[in-house]
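Notes for the one structure printed next.
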Amino acid sequence: MISTPIYYINGEPHIGTLYSTVLADFFTRWEKVKGNNPYFTTGTDEHGSKVYQAAQKSGLDPKKYCDFMSSKFENMCSPYSIEYNRFIRTTDKDHIETVQNLWNQLYSKGLIYKGEYKSWYCRSDESYLTQSQITKEKIKGVEYYFTKDTYKQVEWISEINYKFKLSQFKDEIRKWLLSKDDIITPKSQLQNILNILDNEDISDLSISRSKSKVPWGIDVPNDNTQTIYVWFDALLNYITSSYKINHWPPYCNIIGKDILKFHTIYYPAILMGLGYKLPQHILIHNHWTVNKQKMSKSLGNVILPGDLLKQFRCDIVRYYLLRNSNYNSDSDFNISGIKKINNTELADIVGNLISRSFSPILLKYCNGVISKDRVKLTDADLKLIEYLKNTKENVKKYYDALYYYKGIDELIKYLREVNKYIATIEPWKIVNNQNLSAIEKGNQLSSIFYCICESIKMAGVFLYPVMPSCIFFL
Ligand code: MSP
């Protein structure tokens, strides 16, 4: 199973959402290329007070609001050739049943208990807040606390709700993380997780809320005063979509860096509590910014996937997102970057090579067929074929290690070299050489076209996960 996070539906999908989903589609297609049977799951995270408030604002009943918003995320996929197996919604009946079942399992194992939960709470926003989300203000000598986001007053509250014995799994999580060196990709994120385990308070996790404060959520089994905490509900989506149909454990859970703690500490702890196998890989990606700024509605810089399709083919956008992102830093989005990469790489390198392979010369001198007994590789051809073999190995190694962007880079470097090879060999000179017979010309051209076509064949295999709709025709 390969998954994306499930997306919050209180805003529209943007290029960050698209990137995460394209990444999952890329790795799913790569697994298919290798003959494996991957299962790709994505979807929407629909419970909690934010969605409830957004629904109230829009005048729609919460479920209708969720139907409307969730469809925007689902509809983003097909125009971008994203082929998921399951689009899960946390309001799906089977998910609600799974969450309640798993709750009961953990409860009967003694891993869920009733305890005191203390938190900042904003009555007018109806939201619970962490320390980092609030700010202090002294007014006439009295200290008041406000939300940083909406600048509304918050209070320190205490309530009795249910807790999950997270603290019990701290050592086991550390052991698991260090048990293999490819669980966390990129490796640099592993240290961040270990730092959280060592320096942050990993106490038991509150996994329910008072129903009077958060009515839009899954009911806690046998207690109608409480609803299940949205993150606990959301993290179980991977189990709902994949466990019963034998796609467990996940091959790779793909997440953004902001939700690392939930996926590398809470999620494994819950799986350990349930006695379920842990994911093979967790891929943590960086973010996309626009003019080096975080995308936000108030800044008006949110890039919508649908708008891009008015200007570019989906394959070009997919290529841009995968080619221009990496695990070292955030990537900055700009339209001119898409245009540039389309011209300099897709047209000049890939397109050029493909159009050369459809050359009328091939038809005229070789009857459109590259026959093996006519291929006599020269030193230059052999050198290129050697480079091709190395590239094949390297790209495969990078794709398998989840370093998609390094693989694409290796491939493009090679294709650039093939174009140079053609420019140096100048096949058109062979065609115009009066001293060669048509058969001799055909023999020499066969070797050149053999090298070109082998290169295109390899490009087709490795570019298929990146640009599935146009490469399909190769
Ligand atoms: N609902 C939770 C996830 C629950 S998964 C069990 C959530 N939703 S989210 O919509 O806020 O974010 C979903 C994903 O989108 C996260 O992985 C986040 O990192 C990613 N992105 C949000 N903005 C992004 C960019 N600007 N760029 C790239 N990815 C971004 O968190």
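The values are calculated or read from the model by the stated rules, or taken from the named source; none is laboratory data. Treat the numbers as computed from the prediction; the structure is a model and nothing was measured. All Cβ positions, glycine included, derive from the backbone under ideal geometry; neighbour counts span all protein chains shown.
Of the numbered conditions (1) in a helix (DSSP H, G or I); (2) at pLDDT 95 or above; (3) surrounded by fewer than 19 Cβ atoms within 10 Å (Cβ to Cβ), ASP315 satisfies every one except a single condition; which is it?
Exception for ASP315: condition (3).
Looking at this structure, is THR225 in contact with a His (Cβ under 9 Å, 6 or more places away or on another chain) and hydroxyl-bearing (Ser, Thr, Tyr)? Working first, answer last.
Numbers: in contact with a His (Cβ under 9 Å, 6 or more places away or on another chain): no; hydroxyl-bearing (Ser, Thr, Tyr): yes.
When the stated conditions are applied, THR225 does not pass them.
Condition first: surrounded by fewer than 17 Cβ atoms within 10 Å (Cβ to Cβ), over 30 Å from ILE430 (Cβ atoms) and more than 15 Å from the ligand (Cβ to nearest atom). Can you find one or more residues in region 356-373 that meet it?
no
Just the residues that are surrounded by fewer than 19 Cβ atoms within 10 Å (Cβ to Cβ) and within 26 Å of PRO250 (Cβ to Cβ), please, taken from region 199-212. Break it down stepwise before answering.
Of all residues in region 199-212, those surrounded by fewer than 19 Cβ atoms within 10 Å (Cβ to Cβ) come to 199-201, 203-204, 210-212.
The answer is GLU200, ASP204.
Check ARG313 against each of (1) within 16 Å of the ligand (Cβ to nearest atom); (2) basic (Lys, Arg); (3) within 30 Å of ILE341 (Cα to Cα) and name the one condition it does not meet.
Every listed condition holds for ARG313 apart from (1).
Yes or no, residue by residue, for (1) buried (at least 24 other Cβ atoms within 10 Å of the Cβ); (2) at pLDDT 95 or above; (3) in contact with a Ser or Thr (Cβ under 7 Å, 6 or more places away or on another chain):
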residue: ILE6; (1), (2), (3): yes, yes, yes
residue: PRO13; (1), (2), (3): no, yes, no
residue: LYS34; (1), (2), (3): no, yes, no
residue: TYR52; (1), (2), (3): no, no, no
residue: SER58; (1), (2), (3): no, no, no
residue: LYS64; (1), (2), (3): no, yes, no
residue: TYR84; (1), (2), (3): no, yes, yes
residue: GLN100; (1), (2), (3): no, yes, no
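Is at least one residue of region 172-182 at negative phi and in contact with a His (Cβ under 7 Å, 6 or more places away or on another chain)?
Within region 172-182, the subset at negative phi is 172-182.
If we keep only those that are in contact with a His (Cβ under 7 Å, 6 or more places away or on another chain) too, we end up with 182.
Checked region 172-182: at least one residue is at negative phi and in contact with a His (Cβ under 7 Å, 6 or more places away or on another chain).
Is it the case, given these coordinates, that LYS364 is among the basic types (Lys, Arg), modelled with pLDDT of 95 or more and in a helix (DSSP H, G or I)?
Working: among the basic types (Lys, Arg): yes; modelled with pLDDT of 95 or more: no; in a helix (DSSP H, G or I): yes.
For LYS364, the condition - among the basic types (Lys, Arg), modelled with pLDDT of 95 or more and in a helix (DSSP H, G or I) - is not met.
Please verify whether LEU194 is surrounded by fewer than 17 Cβ atoms within 10 Å (Cβ to Cβ), of a type in the set (A, V, I, L, M), under 27 Å from the mean Cα position of the chain (by Cα) and at pLDDT 95 or above, treating the condition exactly as stated.
Details: surrounded by fewer than 17 Cβ atoms within 10 Å (Cβ to Cβ): yes; of a type in the set (A, V, I, L, M): yes; under 27 Å from the mean Cα position of the chain (by Cα): yes; at pLDDT 95 or above: yes.
Against the criterion (surrounded by fewer than 17 Cβ atoms within 10 Å (Cβ to Cβ), of a type in the set (A, V, I, L, M), under 27 Å from the mean Cα position of the chain (by Cα) and at pLDDT 95 or above), LEU194 qualifies.
Taking the conditions exactly as written (touching a Pro at 6+ places or on another chain (Cβ under 9 Å), among the hydrophobic types (A, V, I, L, M, F, W, C) and under 20 Å from ILE9 (Cα atoms)), does ILE254 satisfy them or not? Steps first, answer last, please.
Working: touching a Pro at 6+ places or on another chain (Cβ under 9 Å): yes; among the hydrophobic types (A, V, I, L, M, F, W, C): yes; under 20 Å from ILE9 (Cα atoms): yes.
When the stated conditions are applied, ILE254 passes them.
Looking only at region 213-225, filter to residues that are farther than 18 Å from SER108 by Cα and touching a strand residue (DSSP E or B) at 6+ places or on another chain (Cβ under 8 Å); which one of those is surrounded by the fewest Cβ atoms within 10 Å (Cβ to Cβ)?
So in region 213-225, the residues farther than 18 Å from SER108 by Cα come out as 213-218, 224-225.
Subsequent filtering for residues that are touching a strand residue (DSSP E or B) at 6+ places or on another chain (Cβ under 8 Å) retains 213-218, 225.
Working: LYS213: 15, VAL214: 22, PRO215: 15, TRP216: 22, GLY217: 24, ILE218: 23, THR225: 12.
By that ranking, first place goes to THR225.
Residues are listed down the side, and each one gets a yes or a no for (1) in contact with a Pro (Cβ under 7 Å, 6 or more places away or on another chain); (2) within 23 Å of TRP156 (Cβ to Cβ):
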residue: GLU97; (1), (2): no, no
residue: ASN104; (1), (2): yes, no
residue: SER124; (1), (2): no, yes
residue: TYR128; (1), (2): no, yes
residue: LYS136; (1), (2): no, yes
residue: LYS140; (1), (2): no, yes
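Search region 245-256 for residues being closer than 25 Å to SER208 by Cα and surrounded by fewer than 24 Cβ atoms within 10 Å (Cβ to Cβ), and hand back the single one that is farthest from the ligand (Cβ to nearest atom). Write out each step before concluding.
Taking region 245-256 as the starting set, the residues that turn out to be closer than 25 Å to SER208 by Cα are 253, 255-256.
Restricting the remaining residues to those that are surrounded by fewer than 24 Cβ atoms within 10 Å (Cβ to Cβ) gives 255-256.
Values: ILE255: 5, GLY256: 2 Å.
Taking the candidates together, the pick is ILE255.
In this structure, is ASP233 surrounded by 23 or more Cβ atoms within 10 Å (Cβ to Cβ), within 13 Å of the ligand (Cβ to nearest atom) and farther than 24 Å from ASN37 by Cα? Step through it out loud before you land on a result.
On the way: surrounded by 23 or more Cβ atoms within 10 Å (Cβ to Cβ): yes; within 13 Å of the ligand (Cβ to nearest atom): yes; farther than 24 Å from ASN37 by Cα: yes.
Yes; evaluated as a whole, the condition is true for this residue.
Can you tell me which residue in region 132-154 is surrounded by the most Cβ atoms within 10 Å (Cβ to Cβ), limited to those that are touching an Asp or Glu at 6+ places or on another chain (Cβ under 9 Å) and of a type in the set (A, V, I, L, M, F, W, C)?
My answer is VAL154.
Restricting attention to region 288-301, does a residue exist that is surrounded by 15 or more Cβ atoms within 10 Å (Cβ to Cβ), more than 10 Å from the ligand (Cβ to nearest atom), modelled with pLDDT of 95 or more and under 21 Å from the mean Cα position of the chain (by Cα)? Step through it out loud before you land on a result.
At the first step, the residues of region 288-301 found to be surrounded by 15 or more Cβ atoms within 10 Å (Cβ to Cβ) are 288-290, 295, 301.
From the residues that got through so far, the ones that are more than 10 Å from the ligand (Cβ to nearest atom) too are 301.
Checking the rest, the ones that are also modelled with pLDDT of 95 or more come to none.
Checking region 288-301: not a single residue is surrounded by 15 or more Cβ atoms within 10 Å (Cβ to Cβ), more than 10 Å from the ligand (Cβ to nearest atom), modelled with pLDDT of 95 or more and under 21 Å from the mean Cα position of the chain (by Cα).
Any chance you could count how many residues in region 155-186 are touching a residue at least 60 places away in the same chain (Cβ under 8 Å) and buried (at least 19 other Cβ atoms within 10 Å of the Cβ)?
Residues meeting the conditions: 10.
Does region 453-468 include one or more residues that are among the hydrophobic types (A, V, I, L, M, F, W, C) and over 28 Å from ALA24 (Cβ atoms)? Lay out the reasoning, then the answer.
Narrowing region 453-468 to residues among the hydrophobic types (A, V, I, L, M, F, W, C): 453, 456, 458-459, 461-463, 466-467.
Next, from what is left, pick out any that are over 28 Å from ALA24 (Cβ atoms): 453.
Yes.
Output the residues belonging to region 147-189 that are of a type outside the set (Asp, Glu) and assigned to a loop (DSSP other than H, G, I, E, B). Give the steps one after another, and end with the answer.
Step one: list which residues in region 147-189 are of a type outside the set (Asp, Glu), which gives 147-148, 150-154, 156-158, 160-170, 173-180, 183-189.
Once the filter is applied, which keeps residues that are of a type outside the set (Asp, Glu) and assigned to a loop (DSSP other than H, G, I, E, B), region 147-189 yields LYS148, THR150, TYR151, LYS152, VAL154, LYS165, LYS180, ILE183, PRO186, LYS187.
Whether any residue in region 123-131 is surrounded by fewer than 16 Cβ atoms within 10 Å (Cβ to Cβ), assigned to a strand (DSSP E or B), out of contact with any helix residue (DSSP H, G or I) (no Cβ under 7 Å at 6 or more places or on another chain) and aromatic (Phe, Trp, Tyr) is what I want to check.
The answer is no, given that none of the residues of region 123-131 is surrounded by fewer than 16 Cβ atoms within 10 Å (Cβ to Cβ), assigned to a strand (DSSP E or B), out of contact with any helix residue (DSSP H, G or I) (no Cβ under 7 Å at 6 or more places or on another chain) and aromatic (Phe, Trp, Tyr).
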